[in-house]
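Everything below concerns the one structure shown next.
The values are calculated or read from the model by the stated rules, or taken from the named source; none is laboratory data. The model shown is predicted, which means the values in this text are computed figures rather than measured ones. Methodologically, a virtual Cβ is constructed for each residue, glycine included, from the backbone with ideal geometry; neighbour enumeration extends over all protein chains shown. Ligands, DNA and RNA are excluded from the accessible area calculation, which covers all protein heavy atoms including side chains. Shrake-Rupley method; radii C 1.70, N 1.55, O 1.52, S 1.80 Å.
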Protein chains: 2
Amino acid sequence: MKHSEKLTAKEEEVMAVLWKLKKAFVKEIQEELEGNQHYNTVSTLVRLLEDKGYVAYKVFGKSHQYFPVVDKKSYSEKILEQNSSRFFDGSYKNMVSFFAQQDKISEQELEEILELIKNKS
Amino acid sequence: MKHSEKLTAKEEEVMAVLWKLKKAFVKEIQEELEGNQHYNTVSTLVRLLEDKGYVAYKVFGKSHQYFPVVDKKSYSEKILEQNSSRFFDGSYKNMVSFFAQQDKISEQELEEILELIKNKS
DNA sequence: TCTTAGTAACCAACTATTTAGTAGAATAAG
DNA sequence: CTTATTCTACTAAATAGTTGGTTACTAAGA
């Protein structure tokens, strides 16, 4: 796949809607988006996403029902990867330490996560 | 505070250099940046950053030595905050769980962080 | 003094992104 | 058959971001 291209802010907003709704017609995306965008604006964005390989569609009569081809997880991962390298020398440990130091995550919550992964393996 | 404006990609690159060097003349920033940028390009970027309240400078003869006014920590925090809300319902716990699940951080490392914050309090 | 070099400031040109109008096809309604 | 509606596709226009040329100033050196 070639969804390597980076998304612009607006394209990402559209993806967020599609990740939420799983599948949607342009009109539905439009309704879900903040600050009412013009129908054609949304249509353009969704087609740009198609070009970039982020979405695909099923034909229903004359209209297209779009759905994500790239999932939220792998996209999030890519973004976080970038952040990790921009701000924490690529170390997730550093990033999490930072959260802890800023009280963004508590001792208790870290314990819970630890339990979670212990039980996974 | 008036450094609320968001930074563009290039502006952020310049900030990264300043965070690293602590203070620098345009020429030094230019040398530190990837893919040699034109001197004037760098100069423009740094002045845009000044307008946005991200940097300030000391005058040395005819030239300006720039330094960050916004620190890396608070900027990182802002960006991560955004990511957290875009991808994890604003929950840092969710974000860290995600890292753990993706094996971006190990059990061992989490234990270490936990120790760290236990000793802090 | 005159020239050269280095720099900030300004700004025009270019590229990328966002917005929305227009055209045309398909379909439904009168 | 004609008109209105709805949707995709295309594209022009507006806006934002990036790049580097030009100018003016100052200092240094011939």
For this session: Compare the Cα positions of B:Leu7, B:Gly61, B:Gln37 along the charge dipole of the range B:1-78 (+1 at Cβ of Lys, Arg; -1 at Cβ of Asp, Glu; about the Cα centre) and return the one farthest towards the positive end.
Result: B:Gly61
Seminar exercise, completed: Heavy-atom accessible surface buried between A and B, both sides counted, 1.4 angstrom probe, nearest 100 Å², is 3900 Å²
Problem set entry | Set of lysines near B:Lys104 by C-alpha distance (under 16 Å), chain-local residues within fewer than 8 positions excluded | A:Lys73, A:Lys78, A:Lys93, A:Lys118, A:Lys120, B:Lys93
Problem set entry | Degrees separating the helix A:39-51 axis from the principal Cα axis of chain A, which is the longest one | 70 degrees
Problem set entry | Under 19 Å from A:Lys62, Cα to Cα: lysines that are on another chain or at least 8 residues apart | A:Lys23, A:Lys27
Exercise. Using alpha carbons only, what's the Rg to Rh ratio of chain A with Rh from Kirkwood?
Worked result: 1.10
Problem set entry | Intensity falloff of the range B:2-68 expressed as log10 I(q)/I(0), Debye formula with alpha-carbon point scatterers, at q = 0.16, 0.20, 0.24, 0.28 Å⁻¹ | -0.45, -0.72, -1.05, -1.41
Exercise. Which FRET efficiency value, to the nearest 0.05, is calculated for B:Glu32 and B:Lys6 with the Förster distance at 35 angstrom and r the Cβ-Cβ distance?
Worked result: 0.95
Problem set entry | chain A: angle of helix A:72-87 to the longest principal axis, Cα-based, in degrees nearest 10 | 50 degrees
For this session: Filter the GluC sites (Glu not before Pro) in the range A:16-81 down to the DSSP loop ones having no more than 16 other Cβ atoms within 10 Å, then list what survives.
Result: A:Glu34
Exercise. In whole percent, how big is the carbon plus sulfur part of the accessible area of the protein assembly as shown, probe 1.4 Å, protein atoms only?
Worked result: 49 percent
Exercise. Hey, got the dipole for the range B:9-109? About the Cα centre, +1 on K and R Cβ, -1 on D and E Cβ, debye to the nearest 20?
Worked result: 460 debye
Exercise. Relative to the longest principal axis of chain A, what angle (0 to 90°, nearest 10) does the C-alpha long axis of helix A:9-21 take?
Worked result: 90 degrees
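For n ≥ 4 DSSP H runs only, could you compute -39500 (n - 2.57) per run for chain A, divide by its residues and tell me the 222 nm figure to the nearest 500?
Computed ellipticity for chain A at 222 nm equals -19000 deg cm²/dmol.
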Seminar exercise, completed: In nm, the gap between the two label points placed 7 Å beyond Cα toward Cβ at B:Val59 and B:Lys72 is 3.1 nm
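Mind checking the dipole of the range A:72-120: about its Cα centre, +1 per Lys or Arg Cβ, -1 per Asp or Glu Cβ, Debye to the nearest 20?
340 debye
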Exercise. Projected onto the charge dipole of chain A (+1 at Lys/Arg Cβ, -1 at Asp/Glu Cβ, origin at the Cα centre), which of A:Ser85, A:Val46, A:Ala100 gives the Cα projection farthest towards the positive end?
Worked result: A:Val46
Exercise. Residues of B:79-92, mean number of Cβ from any other protein chain within 10 Å of their own Cβ, rounded to a whole number?
Worked result: 4
Problem set entry | the protein assembly as shown - Rg and Dmax from Cα coordinates, angstrom | 21.4, 71
For this session: Please sort by residue number the trypsin sites (Lys or Arg not before Pro) in the range A:51-121 whose DSSP state is loop and whose Cβ has at most 15 other Cβ atoms within 10 Å.
Result: A:Lys62
Problem set entry | About the Cα centre, charge dipole magnitude for the protein assembly as shown (Lys/Arg +1, Asp/Glu -1 at Cβ), debye | 700 debye
